[in-house]
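> Quick one: this structure, given as structure tokens, is what I'll be asking you about.
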């Protein structure tokens, strides 16, 4: 935890902000002790003097030194800002947590109050309170503090709501822990960091607001002075001595910046940094021909291939050298064929699909010795012709139909767009085609539906519309990445049935990526099993249940209960965890979890070899009986 | 199913504003039995569970445990729940041992509590030496074990398991299911096991109730409901299970 | 999780006009506006009564004869019961009567209507400048610094926009006065007599919010370019321009507008400080002198006017949001 805080100091901005803040705080303590007398010394011979060697920032209307006054004013300025921030944070905490402690009805009232108050800008609230509390430093502290309270209240409320929605709060309540105790033990520790960060930023804001109020003459009154007051006095004589305004102005700006930037730096250091998930964006460059050896894909005659992939690799830059989540994948898909790709999270199956569709984004790199769709080389540079080919012949269906449509545009328009860009249809014709395609994917009342927005569709309907969007062209291949994972079983069935119908009607090929062996087994002709970025087995779907030869495939099938599982036996368990793509061991990647593993497996990676019947497997011990049933007792997850 | 003991839902209705999430549901979890509750999202199965532990408001009907209303106040909580998402159900800033200890019934010395936490960790096959570890260091499967241990810490009469394996990778799901069956057998636990996955429910539960649109449409011994369903909706669910060979839907072949 | 959400959004069949999402959105928004207005009016009424001591005595000073104070109090109805005063206050508001200044004896409505146009001009111009600068800048920066691109550009832009965003408008104003008025003498630093006099006040009001807004838009743009539906758009092989402007921008704007709305309403209030820097003949300089002179009738009225302005901006932002993103009409249900 402290390591994360120390991360603040590692960026130049964070280090600078921390140093500046420390300097301001030290000055606040030291300056009044050292220079109070200098600051109050009246020099009648030097009234309103400009900057000189004697008075670096000139003097005021009593001949007092502006620079010393600015330095001494640090303490009062910081004190007032901190006091105001404390009031804002405390009042905000009370407001923001009241709802959690008091229960549903009071929480509504409190949040309605906060909502109204937060709509009014802080300076307006501060003016309002300044009128009530009266002109002067004390009034201004309360005015700025209370003006900041709604913002902190809202922040606290949001943070508390975020934590309260999590299951561990429910668990604590079920265990009989009281609300106040939950607040102290579970909620506050989990919101402390963002609160501290925002309080730091808030202190910077309070400092500047205070300067604002004093600048208007509503804050600190003579003979006391803070930076705002000095600025107020200095601006009046800005033509005579600009330094009298600029010195306190610079001071308040520096101090405000210091607190603000420190807060921002802490926020950045503590927050989730830019860590590499692997999302898809614009087409990454596909490097040309690694080798041109004409290797036929195992087991296929290569004549009616819709998709032909050889030695596909996907690489991302990592903190410790490049990461290769896909490590040499070769397969072909024939016209009308349904190929399933299964594997656990991190096996590289989705990335394979994205790479094939040229949707891996930078900084990812895709390399292949062959990557052809309908005989066209997809490794060529992005061109209009290639976009048209991909846009009309290849269809993608993604996992989450909730997020895969643009929420701000009507469904019909989103479908029509494809025809307008790739088939040159006009608006009307494209929309008519969209309606027709919605009908084709069995969406009732398609004319009305085309005018609706995605949020007005149910999950299953959205997924069907996504398929319909793919049918705007005349696809030869549908790549579906977990298309039913987010759906209910009955809806899942409708979507799978729809895919099957389309396939049968137009001889469209399908690549179905799924973690669910049973789904793939039901829908596909052939299954590719992936582990740690490689295909470990390629077999007919019908053989999945009975005669898989790779121990991983067999374990994967056995670990999932189906409607025929023997109820008297414990489920098979795969010990250990899946391989981290950043840390692939030498030899067979599955060896550490494999009951058949030998010294050879740990040293040498088995190649994916065809057995002559069209099946391929990568295992030194393919098909060997697995004698020892792994008992549940010994299962270790490390 | 008409015994006096166990967890009983009698005509329970839960409403959120204008929507009725649970509509007059009656269901019994007899002592020492596992009742599976299946249904799709929005069927109200999770709401029913949350109502039982006091996290959702009961509009009508009552929920009793051994004939008495389920206590939703005070420290003694004989009904416990395990949640779906293991990444949300443990306080990221609390050591797992403390999370478990928090659920222990009050009135024990510090040493007794520590011993009890160690016993519970062992029960769910976790190293008792890791009690001082923060959840961030555990895998999803291990977290779900901790959540089970916390539920057991309260010495519950009934445990509700709400989709506890659906957020886990397939290779880990099996291990958690095995653990649930083992705990049930060894401790004679009563369990309300909620899942959308029929095969998982079939593996764990002896009784099955099917929920649809806030109501229970069919209920009975697991074997009977899953092989010889009476209600159309149950049939539809069964037919939709991937890989199933239900007679009314021919297996597709290219 | 995702299982639960797929049905939660299934449109429930509803009947009747009142059930149309737009009608319900309009009614709800109107309701909120009215409640906020009521709170504002009540707060401005209470302001005078929350001031410790006698506001009339405070305004007229300690030397004023007691008979004069008593007469003025009676004239203003300050001796009536609070509820009666409240009722009179509301009645007068509806007829546009904002009371009489205790110092100048002028009707407050006259002072406000004299001063309001200058403030409105300043605020609207600053709005326009801030948005016109922030949107293109934010979008361009978002595209330039999307995943993995332009690390240096991102650092430079983020740092400078944070720093510029922190500088408060009045300090920026003082700085601009010094550079362009005092040192270079290029631009006038006070009043609103010539078009060139608008430059510095508008800039000092607009620059900070523009920096913050462009930063927000950039962040939203970068986030949205990672969204699933942008991936879908790419899978459709649409040209880059269509993806950025047609798909990403509307979504980035809706996400930015919520915070942007707060910035815009803060600009309304920001005029108070900026007007005092530039001796701008608007409401902002009037409210400050009135507070110092304890001319509470005027203060009360101007606070009310500013509050209404803020509420109008908020409502406009919400409507704009609903026009761009239809989901926001049902979000609060």
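> Can you pull out every residue in the stretch A:523-552 that is closer than 19 Å to residue A:580 by Cα and more than 10 Å from chain B (Cβ to nearest Cβ)?
Result: A:529, A:530, A:531, A:532, A:533, A:534, A:535, A:536.
> Moving on. Residue by residue through the stretch B:105-126, note down the ones that are surrounded by fewer than 16 Cβ atoms within 10 Å (Cβ to Cβ) and either touching a helix residue (DSSP H, G or I) at 6+ places or on another chain (Cβ under 7 Å) or away from chain A (no Cβ under 13 Å) (or both).
Across the stretch B:105-126, the qualifying residues are B:108, B:109, B:110, B:111, B:112, B:114, B:115, B:119, B:122.
> Among the candidates A:511, A:519, A:527, single out the residue that is within 19 Å of residue A:395 (Cβ to Cβ) and at pLDDT 90 or above.
Exactly one residue qualifies, and that residue is A:511.
> For the condition under 24 Å from residue A:413 (Cβ atoms), more than 26 Å from the chain's Cα centre (by Cα) and either surrounded by fewer than 24 Cβ atoms within 10 Å (Cβ to Cβ) or at pLDDT below 90 (or both), what is the one hit in A:544, A:498, A:539?
A:498
> Can you find even one residue in the stretch B:29-43 that is surrounded by fewer than 19 Cβ atoms within 10 Å (Cβ to Cβ), more than 14 Å from chain C (Cβ to nearest Cβ) and not in a loop (DSSP other than H, G, I, E, B)?
no
> If you take the residues of the stretch A:468-489 that are part of a helix (DSSP H, G or I) and facing another protein chain (nearest Cβ under 9 Å), which of them is nearest to residue A:336 (Cα to Cα)?
A:470
> Is it true that residue A:465 is assigned to a helix (DSSP H, G or I), within 27 Å of the chain's Cα centre (by Cα) and under 22 Å from residue A:505 (Cα atoms)?
yes
> Further question on the same structure: For the structure I just gave you, tell me whether residue C:74 is surrounded by 16 or more Cβ atoms within 10 Å (Cβ to Cβ) and part of a helix (DSSP H, G or I).
No; evaluated as a whole, the condition is false for this residue.
> Something else about it: Select, from A:191, A:174, A:182, A:201, the only residue that is in contact with a strand residue (DSSP E or B) (Cβ under 6 Å, 6 or more places away or on another chain) and more than 30 Å from residue C:58 (Cα to Cα).
A:174
> Pairs please, first residue from the stretch A:611-638 and within 9 Å of chain B (Cβ to nearest Cβ), second anywhere and at pLDDT 85 or above, Cβ atoms under 6 Å, 6+ apart in sequence or on different chains.
Between residues of the stretch A:611-638 that are within 9 Å of chain B (Cβ to nearest Cβ) and residues that are at pLDDT 85 or above, the close pairs are A:632/A:570; A:632/B:178; A:635/B:175; A:637/B:141; A:637/B:142.
> May I ask you to list the residues in the stretch B:2-19 that are within 12 Å of another protein chain (Cβ to nearest Cβ) and on the phi < 0 side of the Ramachandran plot?
B:16, B:18, B:19
> Being farther than 11 Å from residue C:143 by Cα and either touching a strand residue (DSSP E or B) at 6+ places or on another chain (Cβ under 8 Å) or away from every other protein chain (no Cβ under 11 Å) (or both) is the filter here; which residues of the stretch C:221-230 pass it?
none
> Evaluate the stretch A:78-99: report whether one residue or more is closer than 24 Å to residue C:35 by Cβ, at pLDDT below 85 and surrounded by 21 or more Cβ atoms within 10 Å (Cβ to Cβ).
Yes: the stretch A:78-99 contains one or more residues that are closer than 24 Å to residue C:35 by Cβ, at pLDDT below 85 and surrounded by 21 or more Cβ atoms within 10 Å (Cβ to Cβ).
> Quick check, is residue B:102 under 26 Å from residue A:518 (Cα atoms), surrounded by 20 or more Cβ atoms within 10 Å (Cβ to Cβ), touching a helix residue (DSSP H, G or I) at 6+ places or on another chain (Cβ under 8 Å) and at pLDDT 90 or above?
no
> Being over 16 Å from residue B:176 (Cα atoms) and under 30 Å from the mean Cα position of the chain (by Cα) is the filter here; which residues of the stretch A:550-589 pass it?
Of everything in the stretch A:550-589, those that are over 16 Å from residue B:176 (Cα atoms) and under 30 Å from the mean Cα position of the chain (by Cα) turn out to be A:578, A:579, A:580, A:581, A:582, A:583, A:584, A:585, A:589.
> While we're on this one: Taking residue B:75 as the residue in question, decide whether it is away from chain A (no Cβ under 11 Å) and either touching a helix residue (DSSP H, G or I) at 6+ places or on another chain (Cβ under 9 Å) or at pLDDT below 90 (or both).
No; evaluated as a whole, the condition is false for this residue.
> Out of the residues in the stretch A:331-354 that are outside any loop (DSSP other than H, G, I, E, B) and touching a helix residue (DSSP H, G or I) at 6+ places or on another chain (Cβ under 8 Å), which is farthest from the other protein chains (Cβ to nearest Cβ)?
In this case the residue turns out to be A:341.
> Continuing with this model, one more query. Would you be able to say whether some residue in the stretch A:574-581 is part of a loop (DSSP other than H, G, I, E, B), surrounded by 24 or more Cβ atoms within 10 Å (Cβ to Cβ) and modelled with pLDDT under 85?
Yes, the stretch A:574-581 contains a residue that is part of a loop (DSSP other than H, G, I, E, B), surrounded by 24 or more Cβ atoms within 10 Å (Cβ to Cβ) and modelled with pLDDT under 85.
> Quick check on the stretch C:279-288. Is at least one of its residues over 30 Å from residue C:45 (Cβ atoms), at pLDDT below 90 and more than 10 Å from every other protein chain (Cβ to nearest Cβ)?
For the stretch C:279-288, residues over 30 Å from residue C:45 (Cβ atoms), at pLDDT below 90 and more than 10 Å from every other protein chain (Cβ to nearest Cβ): present.
> Follow-up question, since we're still on this one. Right, residue B:66: over 16 Å from residue B:147 (Cβ atoms), in contact with a strand residue (DSSP E or B) (Cβ under 9 Å, 6 or more places away or on another chain) and modelled with pLDDT of 90 or more or not?
Spelling it out, it is not the case that residue B:66 is over 16 Å from residue B:147 (Cβ atoms), in contact with a strand residue (DSSP E or B) (Cβ under 9 Å, 6 or more places away or on another chain) and modelled with pLDDT of 90 or more.
> Within the stretch C:302-329, track down each residue that is more than 22 Å from residue C:282 (Cβ to Cβ) and either more than 7 Å from every other protein chain (Cβ to nearest Cβ) or crowded, with 20+ Cβ neighbours inside 10 Å (or both).
Once the filter is applied, which keeps residues that are more than 22 Å from residue C:282 (Cβ to Cβ) and either more than 7 Å from every other protein chain (Cβ to nearest Cβ) or crowded, with 20+ Cβ neighbours inside 10 Å (or both), the stretch C:302-329 yields C:315, C:317, C:318, C:319, C:320, C:321, C:322, C:323, C:325, C:326, C:328, C:329.
The values are calculated or read from the model by the stated rules, or taken from the named source; none is laboratory data. Model, not experiment: these values are computed from the prediction. Every residue, glycine among them, receives a Cβ derived from its backbone with ideal geometry; neighbour counts consider all protein chains shown.
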